[in-house]
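Below is one structure; the comments refer to it alone.
Each reported figure results from applying straightforward, stated rules to the coordinates on display, with no laboratory input. Computed from a predicted structure; not experimentally measured. Ideal geometry is used to build each Cβ from the backbone, glycine not excepted, and the neighbour counts take in all protein chains shown.
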Amino acid sequence: MSAAPAPAAGGAELPIGVFDSGVGGLTVLRALCAVLPGESFIYLGDTARLPYGTKSGHTVARYALQATDELIGRGIKCLVVACNTASAAALPALQQRSSQLPVVGVIEPGARAACAASRNGRIAVLATESTVRGGAYTQAIARIRPEAEVTAIACALFVALAEEGWTEGPVAMAAAERYLEPLRAVPGRAPDTIVLGCTHFPVLKSVIAAAAGPGVRLVDSAATTAQEVRALLAARGLQRATGAAPPQLRFLATDAVDRFAAVGGRFLGAPIAADEVELIDL
């Protein structure tokens, strides 16, 4: 594959491309919209092939490259990989593929935020099976804070609970307590910071916090990622001009647009109409 082109002249008016395996990355889009209210966005949810979290790194990288090519073909000035699994498996390949295009993943911002938040240097990462297996958060945290002790836990059930809307109540609480039980195994050695290492997990923040107990800080990489994108656009002169045409928000999905709209609204924090979602094929 050839390298992606740089944003064209007038590129500041182009939208920011965001993709995830499904609707979880809408939590990142929500943070981006809050920090960059004047920008336009195109969000792609690869709903036909979710979840990425149980697939091999090779397969995830292939899917991520296809999603990136689709967004580049529509004209974007920056790419945000709003998926922890894809960030872990494919970010270097995406940056090489799109060498002239700014590409931001969610793992490095999340790792930096966790290292800054932790007082005792003990950090837990809750993520998908693939992200835990690849060790991306552990490696990123080690680069920033080598003395940190990192415990990574795969929490596959959280994804299903988030999409079903079971974000509170006894079932969600029981799952959170079961997943976090290993963190309390050694008295006095529990982490004081937990990274929500999957974009689905922020909607379960209240039950995770309750299961973790008082004094434990929860880090959601969405807000930190949004701040990084804002700084990157400013550094490259790609901020959209004040007073430009009203920003646009477009949604793409590879399957089940009705479900994308119905479930996605919970993650975005605003309703999505099914006729606002374009069905595409990668």
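The mean sequence distance of close C-alpha pairs (under 8 Å, at least 6 residues apart), as a share of the length of the stretch 108-221, puts its relative contact order at 36 percent. The distance separating the Cα centre of the stretch 30-64 from that of the stretch 127-203 comes to 20 Å.
For Rg and Dmax of the Cα atoms in Å, the candidate list reads [x] 18.2, 64; [y] 18.2, 59; [z] 19.6, 63; the entry that matches the value derived from this model is [y]. Distance between the modelled labels on ASP275 and ARG119, one decimal in nanometres: 5.4 nm (7 Å Cα→Cβ projection). When you restrict to C-alpha pairs under 8 Å that are six or more residues apart and normalise by the size of the stretch 49-125, the relative contact order lands at 29 percent. Taking amide hydrogens as placed 1.01 Å from N in the peptide plane, the amide H of CYS78 sits under 5 Å from those of GLY17, each at least 5 positions away in sequence or on another chain. In order along the stretch 135-147, the phi-based Karplus estimate (6.51 cos²θ - 1.76 cosθ + 1.60, θ = phi - 60°) of 3J(HN,Hα) comes to x, 5, 5, 4, 5, 5, 5, 5, 5, 8, 9, x, 7 Hz; Gly and Pro are listed as x.
Can you show me the helix-derived [θ] at 222 nm for the chain, built from DSSP H runs with n ≥ 4 at -39,500 (n - 2.57) apiece and divided by the number of residues, rounded to the nearest 500.
So the calculated ellipticity at 222 nm is -13000 deg cm²/dmol.
Projected label points at GLN248 and GLN96, each 7 Å from Cα along the beta carbon direction, are separated by 3.4 nanometres. Its relative contact order, with pairs defined as Cα atoms under 8 Å and 6+ residues apart, puts the chain at 27 percent. Using the Cβ of ASN120 as centre and a radius below 12 Å, the other residues enclosed give a net charge of +2, where K and R count +1 and D and E count -1.
In this Cβ point-charge picture (+1 for Lys and Arg, -1 for Asp and Glu), the stretch 108-221 has a dipole of about 440 debye about its Cα centre.
Extension gain for ARG259-ALA210 works out to 14.7 nm (0.36 nm per residue, less the C-alpha to C-alpha distance).
Run the numbers for ARG143 and VAL186: contour at 0.36 nm per residue of separation, minus the present Cα-Cα distance, in nm. Please report the intermediate quantities before stating the final value.
Numbers: separation 43, 0.36 × 43 = 15.48 nm, distance 2.55 nm.
Length gained, ARG143 through VAL186: 12.9 nm.
Which peptide among 232-238, 20-26, 176-182 comes first, and what is the full order, when sorted by highest mean count of other Cβ atoms within 10 Å?
Values: 232-238: 13.6, 20-26: 29.9, 176-182: 16.4.
Output ranking for 232-238, 20-26, 176-182: 20-26, 176-182, 232-238.
The charge dipole of the chain, taken about its Cα centre with unit charges on the Cβ atoms of Lys, Arg (+1), Asp and Glu (-1) only, comes to about 840 debye.
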